[in-house]
Amino acid sequence: MDGSVATIGFFDGVHRGHQFVIGCLVAEARRRGLQAVVVTFDEHPRKVLSTSKPSNEAPLQPSPVMREKYLLTKRDEVRKLILDAGADRCEVLHFDRSMAGMPAREFMKTVLKEQLGVRVLMMGYDNRFGHRESGSTEGFDDYVRYGQELGIEVKAMPAMGEGISSSAVRHALRDGNVSLAAQMLGRPYSIAGRVVHGYEEGHRLGFPTANIDPASVATMIPATGVYAVEVRTLAAVSNREGEGRMGMMNIGTRPTYGLHDLSLEVHIFDFDGDLYGSQLKVTFLQRIREERTFASAEELRQQLEADREAVIEWKMNQED
């Protein structure tokens, strides 16, 4: 195929809205006999351009442990999800201040046309890209004009409706609503991290846990609470996933023991192996309850028993 139909975006999460966009892109590319190419970036433009988050999205991750980790997906996973959604190619550009300072027409000429061979650019009517001077009203009509000068047809993307966005998914996770996040993503939300030594209170209560280092998690951690989860090991080199096992995960500050650091403790059902140093992928299926403080270790143990039964019951209901 000589040339491509392309769209541009960060595509964090590759949610159902993104999937709709990619589907439209692929349909247009097939109609024209061209490749469908998604152009994205290795760093979020907001991170490069500013050290602070916009007020309408802060705080996305209230725990100071997580700092700026509010992304939904790592960039290598984004590329895979984009290709799984049907795109022929995913071009990941290095976004730095040099690219941020590139005007839209120059970006279209040097990157889209000359580097990537784009013949048709599809984008939302209100989307913006390229450096703009303060007060500039440059927008879709200008991109159409630049395209006419450069030999790139700029075409409006069909509207996908409202309500699904990366920000909406983040806010659902911030509220612990992993079910809503899954609906918007089109799949359950997952995190991955490295198992480290913990305090071992869970083992003493009859609920041994794999403790994941929060600093090793590159994406957003949902709100505190207890969740039904599926757990898989990740191979160190290939990142291939092991067999999935049901379990429950507590995200919190362990208030019963008077501690305040964020902890990620996952109890895997019917498993007694050594996972220290392993990479685990934890997929969130359902929030069971909020975080609580208990009067004693025995009261906590009884609640953990009830949590396990709640997870098992939830799983059985899903299978009916």
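The values are calculated or read from the model by the stated rules, or taken from the named source; none is laboratory data. Here the structure is a predicted model, which means the values were calculated and not measured. Ideal geometry is used to build each Cβ from the backbone, glycine not excepted, and the neighbour counts take in all protein chains shown. Side chains included, ligands, DNA and RNA excluded: accessible areas come from the protein's heavy atoms. Shrake-Rupley method; radii C 1.70, N 1.55, O 1.52, S 1.80 Å.
Tallying residues that are open to solvent by 30 Å² or more (accessible area, probe 1.4 Å), assigned to a helix (DSSP H, G or I) and out of contact with any helix residue (DSSP H, G or I) (no Cβ under 9 Å at 6 or more places or on another chain) within region 171-219 yields 4. Does Arg187 satisfy the criteria of being free of Cβ contacts under 8 Å to residues at least 60 places away in the same chain and touching a Ser or Thr at 6+ places or on another chain (Cβ under 9 Å)? The answer is yes for Arg187.
Just checking, does region 270-286 include any residue being closer than 24 Å to Leu185 by Cα, touching a Lys or Arg at 6+ places or on another chain (Cβ under 6 Å) and basic (Lys, Arg)? Yes. Residue pairs whose Cβ atoms lie under 8 Å apart, separated by 6 or more positions or on different chains, with the first residue in region 141-164 and at negative phi and the second of a type in the set (S, T, N, Q) and open to solvent by less than 40 Å² (accessible area, probe 1.4 Å), are Met157/Thr7. Condition first: open to solvent by less than 30 Å² (accessible area, probe 1.4 Å) and not in a helix (DSSP H, G or I). Now tell me which residues in region 11-43 satisfy that. Within region 11-43, Phe11, Asp12, Gly13, Val14, His15, Leu34, Ala36, Val37, Val38, Val39, Thr40, Phe41 meet the criteria. Total residues in region 117-158 satisfying the condition of being closer than 20 Å to Ser4 by Cα and either over 26 Å from the mean Cα position of the chain (by Cα) or in a strand (DSSP E or B) (or both): the figure is 22.
Against the conditions (1) closer than 20 Å to Val196 by Cα; (2) open to solvent by 40 Å² or more (accessible area, probe 1.4 Å), Gly252 satisfies every one except (2). Looking across region 131-159 at every residue that is open to solvent by 30 Å² or more (accessible area, probe 1.4 Å) and hydrophobic (A, V, I, L, M, F, W, C), the one that is nearest to Ala29 (Cα to Cα) is identified as Ala156. Note on region 160-170: residues that are in a helix (DSSP H, G or I) and surrounded by fewer than 19 Cβ atoms within 10 Å (Cβ to Cβ) amount to 2.
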